[in-house]
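Contents: one structure, followed by commentary.
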Amino acid sequence: MSLSPHTTPSGNLLLGFLLPSIHAAPPFFTQQPNPATQAIVTEQWSRLILSYARHRQLFTVRVEDAEVTGGEWDEILRNDRINRRLRSSHLAYILEQMAAKNQLVYDPPKQSRSALLYWRTPEEWAEVLHEWASTTGQLNTILTFYEIIEPPVPSPLSGIPMQILRKAIHILTKTNRAQIIAVADGEGVRFLPGNAGK
Amino acid sequence: MGGGQSVPKITKQDRAILDLKLQRDKVKQYQKKIQAVLDREHEIAKQYLVTGQKDRALFALRKRKYQETLLAKTDSQLENLEQLVSTIEFSLVEVSVIHGLQQGSEVLKEIHKELNIENVEKILDETAEARELQREVGNMLANSLSVEDEEAVQVELRVLQGETLAEQEVHEPVELPSVPEGLPVSAEPEEEQPAEERQQRIPMPA
């Protein structure tokens, strides 16, 4: 049987996601007894999960996603063309390996059923955030977190989880490129031009 | 990174703006909630109609209407808040513009101090003096030739001119008209005659 890449039906998205050819290989969905083989499978799965998350701007993955259908992850966790799906135990194992590589963090911490994906590291998010603030002319303006997460005009940061946002802002404050302002009702942030470009 | 640049202080205005923006976010969230309720009541009304409970459907629709008026009210509140925020932000811009203008005018004053009129007059006088001096020196240098020298120079010039003229006469080949080869033709076309007459007449008027 020849393996070939497959483009997912796009749904409401403009572009479908190109599944790698390995996704059509039945053994890919099974946990391999040989550790070397399993390492390759895990590597491929982590890459697939991160690129799919980036494609669809997904931030969370749950072990549960492998158990029930109808979720956001169906397109990659199942392959009905070869009648295979990823077992939840296998997904849990992959997530554990990804957590070790800082490709995700468990959220909330101290459990391993649900995780936040780092398809951009907090450092990369910090750059994206600062870039967005400066290109939209919002440097030196006070912004609320809500305003960043749900801007009136969709931005690369729409829907970013609060935890990642906080981390990114924290990174920017270290280089004086952001300042957190707290009042009784909540918090806001002010982005500053900074000295990164100089 | 250096971190040489200090973070601006958080002022009262900053807090006020943040407060307003947080309020605005709350109103926005509230609107989202109402929108959800609106959708739900609509669904409920539909379901009641399907099962034939008209009264209940009507009740749900009434509730929906009420929520709609709430939504409209929050819209105007939101507008107020946003207007206030932009007014404050605009005023801050104005303040910084005025600050900039002030600094600019101070710099201009400093520069003007150096440019007082007495100074300028003095400098202009000095320049005029220097120019006068320059002119005198020039005159003196130009007049340094005596009258005899000047005449000698003139004579030399005339001799040179004569020589060049002579050279030109020698070297220039003389072009003479060639001798006509055939007999002259006496009979000219009549048409040309009036033209000749005209040519002759032109210099005549006196």
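When B:ASP55 is tested against the conditions (1) open to solvent by 90 Å² or more (accessible area, probe 1.4 Å); (2) farther than 30 Å from A:THR144 by Cβ; (3) within 31 Å of the chain's Cα centre (by Cα), the lone failure is (3). Only a single item in (1) part of a helix (DSSP H, G or I); (2) modelled with pLDDT under 90; (3) surrounded by 10 or more Cβ atoms within 10 Å (Cβ to Cβ) is not met by B:GLU148, and it is number (3). Would you mind stating whether A:ASN79 is assigned by TED's automatic domain parsing to the domain that holds A:VAL41, out of contact with any Pro (no Cβ under 7 Å at 6 or more places or on another chain) and open to solvent by 40 Å² or more (accessible area, probe 1.4 Å)? The answer is no for A:ASN79. Pairs are defined by a Cβ separation below 7 Å, a sequence spacing of at least 6 or placement on different chains, a first member in the stretch A:139-151 that is facing chain B (nearest Cβ under 8 Å), and a second member that is of a type in the set (A, V, I, L, M) and open to solvent by 20 Å² or more (accessible area, probe 1.4 Å); the pairs so defined are A:THR144/B:LEU22. Only one of the listed residues (B:GLN67, B:GLN5, B:GLN13, B:GLN83) is away from chain A (no Cβ under 14 Å), on the phi < 0 side of the Ramachandran plot and at pLDDT below 90. That residue is B:GLN67. Number of residues in the stretch A:183-197 that are more than 9 Å from chain B (Cβ to nearest Cβ) and part of a loop (DSSP other than H, G, I, E, B) equals 1. For A:TRP132, the test of being under 29 Å from B:THR87 (Cβ atoms) and either part of a loop (DSSP other than H, G, I, E, B) or more than 15 Å from the chain's Cα centre (by Cα) (or both) is passed. Only one entry of A:GLU123, A:GLU64 meets the criterion of being open to solvent by 30 Å² or more (accessible area, probe 1.4 Å), within 14 Å of chain B (Cβ to nearest Cβ) and in a helix (DSSP H, G or I), and that entry is A:GLU123.
Every residue, every condition in (1) outside the structural domain of A:ALA53 (by TED's automatic domain parsing); (2) open to solvent by 10 Å² or more (accessible area, probe 1.4 Å); (3) under 25 Å from A:GLN57 (Cα atoms); (4) outside any helix (DSSP H, G or I), yes or no:
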position: A:GLY137; (1), (2), (3), (4): yes, yes, yes, yes
position: A:LEU143; (1), (2), (3), (4): yes, no, yes, yes
position: A:ILE160; (1), (2), (3), (4): yes, no, yes, yes
position: A:HIS170; (1), (2), (3), (4): yes, yes, yes, no
position: A:ASN176; (1), (2), (3), (4): yes, yes, no, yes
position: A:ILE181; (1), (2), (3), (4): yes, no, no, yes
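Taking the criterion of being under 30 Å from B:LEU92 (Cβ atoms) and without any contact (Cβ under 8 Å) to a residue 24 or more places away in the chain, would at least one residue in the stretch B:60-71 satisfy it? Scanning the stretch B:60-71, I find no residue that is under 30 Å from B:LEU92 (Cβ atoms) and without any contact (Cβ under 8 Å) to a residue 24 or more places away in the chain, so the answer is no.
Restricting attention to the stretch A:83-91, does a residue exist that is free of Cβ contacts under 8 Å to residues at least 12 places away in the same chain and among the polar types (S, T, N, Q)?
yes
The values are calculated or read from the model by the stated rules, or taken from the named source; none is laboratory data. Everything numeric here is computed off the predicted structure, so don't read it as measured data. Don't worry about glycine lacking a Cβ; one is built from the backbone with ideal geometry, like all the others, and counts go over all protein chains shown. Note: accessible area is taken over every heavy atom of the protein model, side chains too, but ligands, DNA and RNA are not part of it. Shrake-Rupley method; radii C 1.70, N 1.55, O 1.52, S 1.80 Å.
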